[in-house]
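Computed from the coordinates by the stated procedures, all read-outs in this text should not be read as laboratory data. Values in this document were obtained by computation on a predicted structure and should not be read as measured data. Counting neighbours? That spans all protein chains shown, and the Cβs are built from the backbone with ideal geometry, glycine included.
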Amino acid sequence: MASDHDAEDTLKPLVFRLHDSVPKAVREVLLERGWSEFDEQEHDEADWNLHWQNSPFRMTDHRSIKPWQRLNHYPETSRITRKDYLARHLKRMKGIYGPSLYEFSPVAFIMPNDYVQFIAEYTKERQAPGRKPSYWICKPVDLSRGRGILIFQDLKDFVYDCMVIVQKYISNPLLISGYKWDLRLYVCVTSFCPLTIYTYEEGLVRFATEKFDLGSLDNVYAHLTNTSINKFGASYKKNKEGIGRGCKWTFSKFRSYLRSHEVDDLLLWRKINNIVMLTLLAITPSVPLTSNCFELFGFDILIDEKFKPWLLEVNYSPALHLHCSIDTRVKKRLLHDIIELLNYKQTDTFRENKGASTKYSYANRAHIPLTTQGENATDDSPDFLASRQESECTATEVHSLLEISGGSFKKEAIPMGKTVSIQPRKTVTSQLRERMNKPKLSSQSKAASKSRQLPGARHPPHMSVQVTHWLPTTELCNYKLTIPPYFVSAKDKKPFPRVGGFVLIFPFNDVVLEASRNRIDIKSIIQEIHKLMNK
């Protein structure tokens, strides 16, 4: 067994893998923290800690995840990042749980499917006596950065040539010095089981660069806040009254502005947090169970003149390019705090599947050893058998664990969906069954490493870098995962209430934590959110 001294001598830096399309700011931050970049010539296939890309991962990537690794996407999260999918999910939730909670997204119609319903609503409004006709905004369902957007009031101006979503345009936005603006809020989900949501304290206020004017609906610089559009406007570099140069503020400056006008910004942020929670609840039951992932979303929020926040859209892989000094100030700190949120341990630097008997071990962890690249777990492996002594599960669950972890039996594969013989042969499978029927051991391993600073980790004071006594996975989810949750603290087995600029908004009490652990109980969670709103 290697000594602590040997472990220190062989301590390696954390390793990251980046897809070509990932903004260079991600690489810069990781290198600043002492990480090394993955090199196919120098590293084995599994010899990395963080894989970051802008597109979704394959399910095989999720199933083969190792304890020391993290992926920057969950599967199926596009269910809220495509505009039409988001509209459908919010409409469904509104129908189930009532409009009082889900009245934060403008009325939407998906074209061409909802054309008849849209015409009926349009005609009804036009014929209502004394009612001013609404303005409408048309957006392609799968485009970003303001591309293809059309704002209209008269149906004759409504022309589209692809699948689009049509929503009522919020024609009474809260203006600052006459300019329209919205909020880019960064939200990080570290788990969907149990649901764990952090919002970032700092963010971007994005301005249009010409003054708001309903008389010129085709002026994109007056109606759209996308930086990718406004940076080409004639007024972008000008010193605009009350706004300054460019088209962005930080949240900090925005909060100061609100308080200088005696606005209760705390109430506003609570309303925005409710929007985030209710939106993510819409997809939580449909996100496949996976380990060691996180998801960074960009929520775009518009505030109207009555101080009501509206959800405009949710962005997948929100832009992390650094176009100006404000981007640098906000996004580089955001990236640093994301790495803190991933809670890497000293053992993660070893990137080895050695079990409890060698350098890589998680105390009190029920697991089947994961195989390294090119190797399979064997029937007579002592580490394999010993690892099951402190856990109880069924034979079919053992197969599920191997499915998820990428490990496999060479001889005794357990078919999914088939019942196992009551009197099995004396194989590794039967030995596992015998162990399952034994009472759980009263004493469990308490091995833990001393706190040590990781190369590139820079953990804040409240975050322990020692090997954690993790919660049994059955307490976090009714499925058995081989990898312990990285997002809970060693002290109380709950998500960290704060990491850097990230603040935990869900779970916000023990009731919702319990309700989100197994098969998520959305009804109970909705009741708790109602109570929260009533306060």
Amide H contacts of S36 (H built 1.01 Å from N, under 5 Å, at least 5 apart or other chain) = L14, V15, F16
ask   = Any idea how far the Cα center of region 30-57 sits from the one of region 159-189, in Å?
value = 36
message = Place a point 7 Å from Cα of D44 in the direction of its Cβ. Which residues in region 335-354 have their backbone N less than 20 Å from it?
response = 345-354
remark   = With a 25 Å threshold on alpha-carbon distance, the violating pairs from K94/K535; K83/K494; K124/K168; K237/K331 are K83/K494
inquiry  = Given a Förster distance of 45 Å, report the FRET efficiency between S134 and S524 from their Cβ-Cβ distance, rounded to the nearest 0.05.
reply    = 0.75
message = Given points 7 Å out from each Cα along the Cα-Cβ axis, report the R79 to L266 separation in nanometres with one decimal.
response = 3.5
ask   = Roughly speaking, what is the centre-to-centre gap between region 279-348 and region 500-519 when only Cα atoms are used, to the nearest Å?
value = 17
remark   = In this structure, the FRET efficiency calculated for K253 and L532 from their beta-carbon separation, with R0 = 45 Å, to the nearest 0.05, is 0.95
remark   = Quick shape summary for region 224-324, equivalent ellipsoid via Cα gyration tensor, semi-axes whole Å in descending order, reads 29, 20, 12
inquiry  = Place a point 7 Å from Cα of S216 in the direction of its Cβ. Which residues in region 152-178 have their backbone N less than 14 Å from it?
reply    = none
